[in-house]
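Right, one structure below, let's go through it.
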Amino acid sequence: MKNIMSLINRRDFLVGISGFTISSMLACSDEKSQGDAKQNQKMEDYDLQLRPHHILDIISDHGQNIQYVPHPYGHSLHLIAPKLLLNLDLKIKLVLHADDICTGCKHLLPDGKCKDVLSQLIPSPSKQAYNDVLDSRLFDFLSIETNSIITVRNYLKIVNEKVPGIEKICTHPKEDQEVRLKGLINGLIKLGIRETT
């Protein structure tokens, strides 16, 4: 099995995380709360707020025929995934913070940050920092601006243009990159976005 951090070596990953931590400390303290974000959703025209990697997780799982059930953490993946898979014309806002899948999670703090860690890595970085780095890389790789509003279908068309390749970024620690790629391809085919492997 390849090194779990093959594309993001451990040093670069930790440097990236520390950059996000410093940026967070220097950021304005008047950031909107998660409640304000929900209220603003009514003013903007979109159905869901999602992190880019969460959509890729759903598509890969769909390609592997994984069924969603409530998770012990209490997050909303089992509710959002079927909604997304049944309607590719949903408008999604691609975000770099807690999203609609995070709703209800026992690790989600009142300020919208995740307190969980990636215990499969040593040292164990916070999921918040890991996900921020991961999604920032996906925004760059896909040439999409943070907070863009797009349909699921159009997002998946952009993703499809980067398959293979995107799996090198979005494969999670302890996950096999080839399994991730196969899941993405099969998921895109099942949804009618991709014609062949």
### Message
Need the list of aspartates and glutamates near Lys162 for cross-linking: C-alpha distance under 17 angstrom, and skip anything on the same chain fewer than eight residues off.
### Response
Asp57, Asp135, Asp140, Glu145, Glu178, Glu195
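Once you've got the Cα coordinates, tell me which of Lys91/Lys127; Lys113/Lys190; Lys83/Lys113 are over 32 Å apart.
Distance filter (> 32 Å) returns Lys113/Lys190.
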### Query
Each residue of the range 134-144 in order: what ³J(HN,Hα) in whole Hz does its phi give by Karplus 6.51 cos²θ - 1.76 cosθ + 1.60, θ = phi - 60°, with x for Gly and Pro?
4, 5, 4, 5, 5, 4, 5, 4, 8, 6, 10
### Query
If all Cα-Cα distances of the range 33-190 are sorted into 5 Å bins from 0 onward, what percent lands in each bin, rounded to whole numbers?
2, 9, 18, 22, 24, 16, 7, 2, 0
### Task
Only loop residues by DSSP count here, and only those with at most 12 other Cβ atoms within 10 Å; note down the trypsin sites (Lys or Arg not before Pro) in the range 130-197 that meet that.
Lys174
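No lab work stands behind these numbers, since they all come straight from the coordinates. Remember, predicted model here, so these are calculated numbers, not experimental data. Here the Cβ is made from the backbone with ideal geometry for all residues, glycine too, and neighbour counts use every protein chain on show.
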